[in-house]
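Enquirer: Dropping the structure in here first, questions after.
The values are calculated or read from the model by the stated rules, or taken from the named source; none is laboratory data. These numbers come from a predicted model, not from an experiment. All Cβ positions, even for glycine, are placed from backbone atoms using ideal geometry, and neighbour counts span all protein chains on display.
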């Protein structure tokens, strides 16, 4: 007697959607307004469609001294000008999104906010992909930094990072005042993620403008905690917890700095970086991340093939 | 629904005879509930209890051992769908494929690589597990030659991959005593393959397209007396694999379809995207992964991912206590106290490296607890620190006597000074602040 | 004195006359919100006199609408007022202002209007507003008065001069209306939401001097509809206008709108940080010590009515540091009086315990124990840097303000070093301690309708939910019901949430409908039922940080308890760590429970199974630790002899020993009904 094997699905919740980027028609200058998130299941669990296809963001910065030499050496002089770099990334590496780190703000005593504003404007001028901007990490300059980012990107529907517990007001303010969205990062813990989302909501940031970053440890350096945190956040959201029902972004930012990669045989270092990012990113999308970030340009092609193979070329699955 | 320890205890004879090896029936019940004991160990169980307990305490996924000796491994015995629910128990074996079309030396290059290649992480040796010998010649002689070539170089676990039972038997006649995995029985050849599995006492992989026919085939194979099974959902693409593997795992752990309660076999070479397939295999339920020869970077990333995913989420990975060096420290370099919770260690190490100041890390044994937890729970205390300074010979490494302790350990600073005789500087609470701390506090 | 009610009545007529006079087309530039107040209230864009008059009529004669239309018309007709007056503030500037409000770099908004009695009155108010991070708008003669007395005005000084006439104060309201629409999601025309937003979220108040004409009084009086208090420094009386002295105006405004200014730097000549918490001050390093058996000393925190607490006031009664000989022991009373709208008497002991941490945060101060057992030292080094006894008070007051901004509105510290007065006060304190103990000891689960949860451990025990009740502390022993309650007050979105008991399902097992509902949700649907007083049926889940484990020993009808510190094997055949490994991780394991030491002494302990008489074994160290309290408890129950009948590892190692021992001492559990 032939039997039927079912997939058991008992979810009730849905993941919210967040839009990044605004086209000319919408008051911005991006080539597209990308929607991330959505869906009502785990990727490939639950029998229904796997949800929206995850996107690849390429990370770059405005002060290459604070970036991995593996990348800066490969990219060449272009890294000294954020606008040039942005243009090159878009033309050559072709990610889905750009994630721009204002690493210049991390220099001690940074105060040059007018330059900062020009830098963001330049990156916007030289690129067309929806943009994620990472501001300062120092509370002392948060207020001015995020005001710059918010203003310079007005109308562009940026995704701004990064809000943390105890350091979220300026990012939230920039998002609310200038129509952007916020990355909310908590240290690998489902309850802390929820708490931060509640704080943001109370400040006035609506749910459809929050992207959860559960913090992604590099492979071998706590990645397993992040992997499970992502699964648990998604799980809680599907069970109906609206304070966790936002799309997630994952970036194992330390991947290129860890010993295994940094101290790899020089002939293999580039490949080591790519594999480290690839294994992490593939695992993150299967754990529920909607955006995965990479820093090595050569990670993009194999990662895209994997995502295409999982979600289909056109994505969406449905 | 798994039975709780108390429910199991009620069914036990309550004699406390110790014949099962446990001191009391209650202890035995606890172990049964956790899937860590075998019901057969109890000699006084009545039939009814045996029936109930047998079904309920048997792991939903069969435990299968592959290979013999030092490098042999076991897979299966899994209970949960998500690792955070409890833990994943048995990491997948990764076997590198060779072909019987290859000359011996080419085969043996691969064998040597798998035999000797090692990645040392957190005090553990990580290795690939074995060799998959693929029959592409169609010839029993060539196949047995290839198996012999592998056998000549190493005692590694093997998968014999051949569709024809006659060819398979030729391979098994070389290595059948070493419990290789037979691949694969299908609806067409299962009787022959099962007979071989029975004859050589080897685990057998069955392969079918749909989950329904897979469940059917596993029942047939079990009836034919195959001692242990793996199942290959024969996925050709990544999404096909993930979908099927997820469904198998779900139906197995929920015991909805017990005939799917076997470890999963995944041949990643057919996907054309080996790295992604291997990563997904590790994340999503594969127990045996077959792949083509891996570059060192692929291998390292794969072994590290596997180590990560198969870490018990309720038990932090621990570092070995001792002195660790960051950069090339000298006799007046700073010394940082840290705990042996790996995440704490790696985080601090990363920031120390980023600071560019060579220094020492004194890692003490807090049983894997983070600083905050270790301080709260009394695991991190002045006696431990003082003893660790002595035991590690730290005093002969540096000329100064100043120890930088984590910010959260501040309540202990005075006691550590008294107990160790070292001067204590309280560092930042967050490791991200160490560079600034070194600049402001250490240099002055 | 101008009577607000009367003036506003005649002002209404005049306002209407002015409204009748407007004609032609007019609008503001640089805004997408038309005439923002009118737009927010009516949802309509006004450009002509007729539209203005009809909007006024349709809003039932709202003076704000009138004032806005008149202002807009006048600006269109006469052009923008000359510098420094800003007139209407454009959207792009406003966006930045909204940013600063959300961001926290501006804490609130104030409007100063009218003619100050003396220039320095306004100057002092402005200085205070600047210090308190309030963005201040100015309208009327107050502007010229400030400028004459040398005060710099302009946005960069957080003093924004809106216009020459107090009527231009209407811009203050158009700003609030636009903030509501830009940031608060208030739709134009949705008056209810506008009012609610303004009342709840707009941290704004108005200070008026004399000189408002009648239409202006009518307009300003309407501000109170938006929850904006009007503080009258002089000249007005009636309606809801609050009379204040000039010097109290800012404080009153902040208070009425609940604006709290947080301080981070504590102005004392001593560093203050958790980093110094563990620094001890040895005898040879100490300048002076208090208490510790060497002199009488105590500390007490009391909740007082608002009028009895002057925020930030520190008083030293008795000798100061300069009157004290180095190396001596001096009496000390630390009395902290606090006031807070939501402060409750129950919180006193919990807050009082923080004094210990705070004093230890000082680089040169050290503190151990609590209540009348305290022992405090100040180091020579600190004294050399100028630290005095009063600085202890400054430190305590400042830290309370920083750590409990929402709970405490005022903190006042009194330090007594005069022996006679310390002894006197100590006697009173003793009574308060006793009363508190009595209250907490006596607090029963049946006295409250709310328990508290703790989900801190879900990081590693995903489905674990601790339910904390007055009679059952968290299983880690670290959080009592009161701690949970306060943690929730301080951080409403934190890990401790209120759990309404709801209907009783089973009294003996302690199962409540509300608790079940909460646990089901907080355990992500994994745990359906939770009985608080039973270990056999639906016991609470276990995380991993429980102090002790209670284990059923069915052979003797009892339970044994093993604490974390005990490393040996228990008669059950398992060690603490084996047991912990099996029951931890957030699972329900009938027959086993992670518990706190305190719970052993609770009447609810093993309530469903028959109470403490089921207790058959515990490690000798634990027995010793609990000795006094346990004996006391047993005595109260008339079963004092039980204490010696409870076995320990010296009396019974294996199960067989235990069975034999219990039989020998005739332990009551043996005679109780079997557990299974």
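Enquirer: If I filter the stretch A:176-192 for residues that are within 13 Å of chain C (Cβ to nearest Cβ), buried (at least 24 other Cβ atoms within 10 Å of the Cβ), closer than 25 Å to residue B:370 by Cβ and at pLDDT below 90, do I get at least one hit?
Expert: yes
Enquirer: Which of (1) under 27 Å from residue A:14 (Cβ atoms); (2) over 15 Å from the mean Cα position of the chain (by Cα); (3) buried (at least 24 other Cβ atoms within 10 Å of the Cβ) does residue A:247 not meet, given it meets every other one?
Expert: Against the list (1) under 27 Å from residue A:14 (Cβ atoms); (2) over 15 Å from the mean Cα position of the chain (by Cα); (3) buried (at least 24 other Cβ atoms within 10 Å of the Cβ), residue A:247 comes up short only on (2).
Enquirer: Considering only the stretch C:119-131, state which residues are crowded, with 19+ Cβ neighbours inside 10 Å and either in contact with a strand residue (DSSP E or B) (Cβ under 8 Å, 6 or more places away or on another chain) or at pLDDT 95 or above (or both).
Expert: The answer is C:122, C:125, C:126, C:129.
Enquirer: Also, quick follow-up: For the subset of the stretch A:1-37 comprising residues that are closer than 21 Å to residue B:246 by Cα and more than 9 Å from chain B (Cβ to nearest Cβ), which member is modelled with the lowest pLDDT?
Expert: Among those residues, the one meeting the criterion is A:9.
Enquirer: State which residue is nearest to the chain's Cα centre (by Cα) when the search covers only the stretch C:533-569 and only residues that are facing chain B (nearest Cβ under 10 Å) and under 21 Å from residue B:18 (Cβ atoms).
Expert: C:551
Enquirer: Next question, about the same structure. Quick one: which strands (runs of 3 or more DSSP E) sit completely within the stretch C:141-255 and have at least 1 residues that are modelled with pLDDT under 90? Steps first, answer last, please.
Expert: Details: elements: C:159-163, C:204-208, C:230-232.
Hits in the stretch C:141-255: none.
Enquirer: What do you reckon, is residue A:220 on the phi > 0 side of the Ramachandran plot and more than 9 Å from chain B (Cβ to nearest Cβ)? Quick ask: steps written out before the conclusion?
Expert: Numbers: on the phi > 0 side of the Ramachandran plot: yes; more than 9 Å from chain B (Cβ to nearest Cβ): no.
No; evaluated as a whole, the condition is false for this residue.
Enquirer: Show me the helices (runs of 4 or more DSSP H) entirely contained within the stretch B:380-426 in which 2 or more residues are away from every other protein chain (no Cβ under 14 Å). Talk me through it step by step, then tell me what you get.
Expert: Values: elements: B:382-392, B:394-397, B:413-420.
In the stretch B:380-426, the matching helices (runs of 4 or more DSSP H) lie at B:382-392, B:394-397.
Enquirer: Being part of a helix (DSSP H, G or I), surrounded by 19 or more Cβ atoms within 10 Å (Cβ to Cβ) and out of contact with any strand residue (DSSP E or B) (no Cβ under 7 Å at 6 or more places or on another chain) is the filter here, so list the residues in the stretch C:388-422 that pass it.
Expert: Across the stretch C:388-422, the qualifying residues are C:391, C:398, C:399.
Enquirer: State whether one or more residues within the stretch B:350-363 are buried (at least 22 other Cβ atoms within 10 Å of the Cβ) and under 23 Å from residue B:311 (Cα atoms).
Expert: Yes, the conditions are met somewhere in the stretch B:350-363.
Enquirer: Please find, within the stretch B:38-62, the residue that is farthest from the other protein chains (Cβ to nearest Cβ) out of those that are at pLDDT below 80 and surrounded by 16 or more Cβ atoms within 10 Å (Cβ to Cβ).
Expert: Filtering first and then ranking leaves B:58.
Enquirer: Do any strands (runs of 3 or more DSSP E) entirely within the stretch C:261-372 hold 2 or more residues that are buried (at least 22 other Cβ atoms within 10 Å of the Cβ), and if so, which? Break it down into steps so the answer makes sense when it comes.
Expert: Values: elements: C:286-291, C:297-303, C:314-317, C:332-339, C:365-368.
Result: C:286-291, C:297-303, C:332-339, C:365-368.
Enquirer: Right, here's the next one. Just the residues that are out of contact with any strand residue (DSSP E or B) (no Cβ under 6 Å at 6 or more places or on another chain) and either surrounded by 24 or more Cβ atoms within 10 Å (Cβ to Cβ) or more than 8 Å from chain C (Cβ to nearest Cβ) (or both), please, taken from the stretch A:161-171. Please lay out each step first, then the result.
Expert: Initially, the stretch A:161-171 is screened for residues out of contact with any strand residue (DSSP E or B) (no Cβ under 6 Å at 6 or more places or on another chain), giving A:165-170.
Hits for the stretch A:161-171 are A:165, A:166, A:167, A:168, A:170.
Enquirer: A further question follows. Would you kindly identify the helices (runs of 4 or more DSSP H) lying entirely within the stretch A:249-318 that contain at least 3 residues that are more than 7 Å from chain B (Cβ to nearest Cβ) and at pLDDT 95 or above? Write out each step before concluding.
Expert: Working: elements: A:259-262, A:269-287, A:300-311.
Fully inside the stretch A:249-318 and qualifying: A:269-287, A:300-311.
Enquirer: Considering each residue of the stretch B:92-122, count those that are in a loop (DSSP other than H, G, I, E, B), crowded, with 21+ Cβ neighbours inside 10 Å and in contact (Cβ under 8 Å) with a residue 60 or more places away in the chain, and give that number. Step through it out loud before you land on a result.
Expert: Applying the first criterion (in a loop (DSSP other than H, G, I, E, B)) to the stretch B:92-122 yields B:92, B:100-103, B:117-118, B:122.
Restricting the remaining residues to those that are crowded, with 21+ Cβ neighbours inside 10 Å gives B:92, B:100.
Those left that are additionally in contact (Cβ under 8 Å) with a residue 60 or more places away in the chain: B:92.
The number of residues fulfilling the criteria is 1.
Enquirer: Here's something else I'd like to know. Residues being closer than 23 Å to residue C:626 by Cβ, in a loop (DSSP other than H, G, I, E, B) and in contact with a helix residue (DSSP H, G or I) (Cβ under 7 Å, 6 or more places away or on another chain): count how many of those fall in the stretch C:582-601.
Expert: The total comes to 2.
Enquirer: Would you confirm whether any residue within the stretch A:141-160 is closer than 30 Å to residue C:522 by Cβ and within 9 Å of chain C (Cβ to nearest Cβ)? I'd like the intermediate steps shown before the answer.
Expert: Taking the stretch A:141-160 and keeping what is closer than 30 Å to residue C:522 by Cβ, we get none.
Checked against the condition, which is being closer than 30 Å to residue C:522 by Cβ and within 9 Å of chain C (Cβ to nearest Cβ), the stretch A:141-160 yields no hits at all.
Enquirer: Turning to a different aspect of this structure: Test residue C:113 against the stated conditions and say whether it is at pLDDT below 95 and surrounded by 24 or more Cβ atoms within 10 Å (Cβ to Cβ).
Expert: Details: at pLDDT below 95: no; surrounded by 24 or more Cβ atoms within 10 Å (Cβ to Cβ): yes.
So residue C:113 fails the test.
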